[in-house]
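Since the structure comes first, as structure tokens, the remarks are kept for the end.
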Amino acid sequence: MRDILKSNYHWVTLFTLVILVGLVDMNFWNIESLLILMGDIVPLFIMALGLTFAIYIGGIDLSAQSMANMITVIASLYLATLGLWIVPVCFLVGVILGGISGLITTRFLVPSFISTLAIGGVCYSLAQWLSGNRALYMNSESRDALFGWMLSSTGIVPNTIFVGAFVFVIALLIERRSSLGRQLKAVGSAELAASASGLLVPRVKVLAFALSGGLAALAGVIFSIKLSGGAPSIANGFLLPAIVAVLVGGTPLTGGVGGVVNTLVGTMIVAVIRSSMLYLEVAATHQQMVFGIVLIIAIVFTIDRSKLSIVK
Amino acid sequence: MLEFKNVSKEFGPVKALSNINFKVDKGEIVGLVGENGAGKSTLMKIIFGAYQADSGTIFIDGRQTRFTSPRDAMSQGIGMVFQEQSLIGNLSVMENLFLGREQEFRRFGLIDFKKMAEASRAQLAKVGLDIDPTIETSKLSFSQRQLIELAKVLTLEERISGDLVILLDEPTSVLSEDEVGLLFEIVNKLKTRAAFIFVSHRLDEVISLSDRIYVLKDGEVVDEVKGNKAKASNIQASMVGREINTEYYRQDQRLPFDKEAAPLLSVQNASVAKKFEDISFDLHAGQVLCLVGTEGAGREAIVRTLFGMHSLDRGAITFFDKPSLKITSPHAAVSNHIGYMPRERKIEGIFASMNIAENMTSSQLGAYSRYGLLKKADELKLAASWIDKLSIKTPSASTDCIRLSGGNQQKVVLAKWRSTGSRIIMLDHPTRGLDIGAKEDVYTMIREMSAAGIGLIVIPDTFEEAIGLGHNITVVKDGRAVKNFNCMQEQVTPFDLVSAMT
């Protein structure tokens, strides 16, 4: 019983929160508003899916937010010229930059939190330079023609949810069904054993960071479409909740267990926390503080101390 | 002055020490010897307070006492010179000597380094070191650092009222012959200041230095000899202890192999700097080669080099009679049908949070995927067949390996390499930590692999394993192959092996 509770505590957390918030304000249990809530969080969810891969192998990707920032700028600038191609191009930019973080980590043995932090700095500067450090607006004609559907709903379901579901299914396929997913699990579970099994550990790690970068870029594209524009700091405030989503979902910083389903639950927990702050009238300026605290609590509960000897 | 009476220590069901009686007199050097796993390090740890005995009593100068921690033991006069040195490289010699005691040199709230340097010189003189105490410790040679470690322990002299007992744990393992001589000279001089307990696997050194020698075996003191009357052969005999019994080893179950065929593996004069030197051997299909030696003798480095984890400095390794085939990474090793079961099962052997099927295919994902997608049904089928073949005790093939016992985990790893189609498999301590039944299963599997024509290199846990399993035994000492036994032609005894290793 305790084991079942322990391995499913992210579900328990989610339902407890939904019930608690609903008790405070019955309006919260309205299906339609819950769906809107979920639709709104799709960009964050996609970023968190990417981060899941980085954390799954025992690393972290701190560049995700700057990557999304930069992509909102790129998407806003080039949507009119590239049309639908903007999506694969942005994804590729993310994959390449994420891959570079991975190469820095595996080739030069720079811890991933440093290599991704550095690449994040590069992204931020690129965003400032490309945008001339101001907010940009998308060509609204192109946006409406190509992506207008994303902003409407099918019945009561916002269409962004379908986008999120599509990316989720692909990510789940990679994790559960692909050879790459198995190798990611092996590296996260026991890196030395993975190496002793003949796996190309550095390559696997580079791919994990490439996936993380690519999905952060995708999050940026969707975010800029929703806002019909971009700016070098428009996605600030994404990183902390995205990391919270992964860790609260139950993928520990040490990697190897958890995965994208956990991140789905974790993101919903983040969505509930975020909207409950609205219901409880927590000021917007206090939100990041709440996520900071939740992050620490999540780490304290999920970390496997037996794997750590020294914490720096 | 220090005396142990009927001291015992258990770790779960394992009796590490039982009823140890042990004493050290003032100004005496006491040697402590025994095979790997005989209980030496447990006894040492109890002496310097890292472990507490489960039963028995400890006396210092006839007064009953106990050591609750290394710090407590230190305050009662027990000093430990660590084998893995405890000095901090980027601090100066004097800072290391007085680490944690800086307040003794405080002046106006700051450390008076002049005073500390002066005090350090006095300490260094005790061990005959004439160096500048302000020098950074990492700039010194290994043997100098060892002496500083000793000097650090000797600073206890001025701090406690009683006499000192100093433990030396394998202090000579990385010293040259001259340095060993120097160390022994210093220890002999210091006998007026302290008693010593000397632990080493080099028997000749123990005999030449010690006044008295305790021989440990299976957690008990089996012999106690005066240093001047000690003979290496007698001590070795009591270290090994038991009668030799061919039936026990099941040597008759060993199958002959074809020596005329080209070897699977041929190693010629292989050397890796600071790990091993001039190693040569052939391994044929169906042959089991056991590498015997003390910890750190270079056995692990040899198998790791064959698996592509270290690169060769000199010599040649030829796999499958193909001189052009070079194994430079584990990936290359696995793709060329070489398997390796590392000693640290939990860290390098098994994926604890992955299930049995996932573990088994981890070295052969190419065969269990198409277009990058896994063939999960095939994986489960493979796992099911091996669970059946090796009677692995598990609820199902998709049970996470963390839920299996050590023996069953080991079976999973062996099944992984066998199903990968390995032609050479290297096993480092394959029975470590297993109960007797599980050990028997592993032996059976090794014999089956041998019968199936796989070449095996085994680093055994005990001499009995080496004798019972090996067609050949190579004794490795300080990185060199000092002796080869052909077990098909001669009856090898544990005594022969110990004599060659120590």
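Carbon-plus-sulfur accessible fraction, chain A (probe radius 1.4 Å, protein heavy atoms only): 69%. Note on B:302-309: average number of Cβ atoms from other chains within 10 Å of each residue's Cβ is 1. Taken as Cα centroids, region A:225-270 and region B:26-40 sit 57 Å apart, rounded to the nearest whole angstrom.
Using the Cβ-Cβ distance between A:Ala80 and A:Phe162 with R0 = 22 Å, the FRET efficiency computed as 1/(1 + (r/R0)^6) comes to roughly 0.30. As a rough guide to protection, the peptides A:49-55, B:128-134 ranked by mean Cβ packing within 10 Å, highest first, stand as A:49-55, B:128-134.
Which residues does the label zone of B:Asp378 cover in region B:414-440, counting backbone N under 16 Å from a point 7 Å along Cα→Cβ? B:419-421, by backbone N distance to the label point. Taking 0.36 nm per residue of separation and subtracting the current Cα-Cα distance, fully stretching the chain between B:Glu157 and B:Asp435 would add 95.5 nm.
Peptides B:202-210, A:57-65 ranked from most to least packed by the mean count of surrounding Cβ atoms within 10 Å: A:57-65, B:202-210.
Just the accessible area per residue of region A:43-302, please: how many Å² with a 1.4 Å probe? Let's see the in-between values first.
Details: 9980 Å² over 260 residues.
Heavy-atom accessible area per residue stands at 38 Å².
Computed with a 1.4 Å probe over protein heavy atoms only, the accessible area of A:Cys123 comes to about 0 Å². Bridgeable aspartates and glutamates around B:Lys191 (alpha carbons under 15 Å apart, same-chain partners fewer than 8 residues away excluded): B:Asp25, B:Glu28, B:Glu157, B:Asp163, B:Asp211. Neighbours of A:Gly50, meaning other residues whose beta-carbon lies under 15 angstrom from its beta-carbon, give a summed charge of -1 when Lys and Arg score +1 and Asp and Glu score -1.
R0 = 41 Å: FRET efficiency of B:Arg370 with A:Ile299, Cβ-based, nearest 0.05?
So, using R0 = 41 Å, E works out to roughly 0.60.
B:Leu182 sits among other residues whose Cβ lies under 15 Å from its own Cβ, and their net charge, with Lys and Arg +1 and Asp and Glu -1, is -4.
With R₀ set to 51 Å, the beta-carbon distance separating B:Ile402 from A:Ile96 gives a calculated FRET efficiency near 0.85.
Site pair A:Ser153 and A:Thr16 shows an inter-label distance of 3.1 nm when each label is modelled 7 Å from Cα along Cα→Cβ. Sequentially through region B:144-159, phi angles give Karplus couplings (6.51, -1.76, 1.60; θ = phi - 60°) of 5, 5, 4, 5, 5, 4, 5, 4, 4, 5, 6, 4, 4, 3, 7, 9 Hz, Gly and Pro residues having no value and appearing as x. Cross-link reach is defined here as a Cα-Cα straight distance under 17 Å, omitting same-chain residues fewer than 8 places apart; for B:Lys375 the aspartates and glutamates meeting it are A:Glu175, B:Glu358.
For the pair A:Asn30 and B:Phe142, label points projected 7 Å from Cα toward Cβ lie 7.5 nm apart. Once A binds B, the 1.4 Å probe can no longer reach about 2000 Å² of accessible area, counting both sides. Each part reduced to its alpha carbon centroid, region B:377-456 and region B:92-122 end up 57 Å apart. Calculated translational diffusion coefficient of region A:216-272 (20 °C, 1.002 mPa s; Stokes-Einstein with Kirkwood radius over alpha-carbon pairs) equals 174 µm²/s. When peptides B:233-239, A:295-301 are ranked by their average number of other Cβ atoms within 10 Å per residue, the highest-first order is B:233-239, A:295-301. To the nearest 10, the accessible area of B:Asp496 is 50 Å² with a 1.4 Å probe. Compared with its chain on its own, region A:172-192 contains the following residues whose accessible area drops by 40 Å² or more in the full protein assembly (probe 1.4 Å; ligands, DNA and RNA excluded): A:Arg177, A:Ser179, A:Arg182, A:Lys185, A:Ser189, A:Leu192.
At a probe radius of 1.4 angstrom, the accessible area of region B:2-240 per residue rounds to 47 square angstrom. For region B:344-421, the carbon plus sulfur part of the accessible surface works out to 52%, probe radius 1.4 Å. Modelled spin labels at B:Lys26 and A:Ile170, positioned 7 Å past Cα toward Cβ, are 8.2 nm from each other.
Summing +1 for each Lys or Arg and -1 for each Asp or Glu, what net charge is found among the other residues whose Cβ lies under 10 Å from the Cβ of B:Ala237?
It works out to a net charge of 0.
A:Tyr124 sits with roughly 90 Å² accessible to a 1.4 Å probe, with DNA, RNA and ligands left out of the calculation.
Taking trypsin sites (Lys or Arg not before Pro) across region B:60-162, the ones in a DSSP loop with at most 14 further Cβ atoms lying within 10 angstrom of their Cβ are B:Arg66, B:Arg101. Residues B:Arg403, A:Arg203, sorted by accessible area with the largest first, give B:Arg403, A:Arg203 [1.4 Å probe; ligands and nucleic acids excluded].
Under 16 Å from a label point set 7 Å out along the Cα-to-Cβ vector of B:Thr462, the amide N atoms of region B:421-438 belong to B:429-438.
The values are calculated or read from the model by the stated rules, or taken from the named source; none is laboratory data. Nothing here was measured: the structure is a model prediction, and the numbers come from that model. When we count neighbours, we look across all protein chains shown, and the Cβ atoms used for this are built from the backbone with ideal geometry, even at glycine. Heads up: the accessible areas ignore ligands, DNA and RNA and are worked out on the full protein's heavy atoms, side chains in. Shrake-Rupley method; radii C 1.70, N 1.55, O 1.52, S 1.80 Å.
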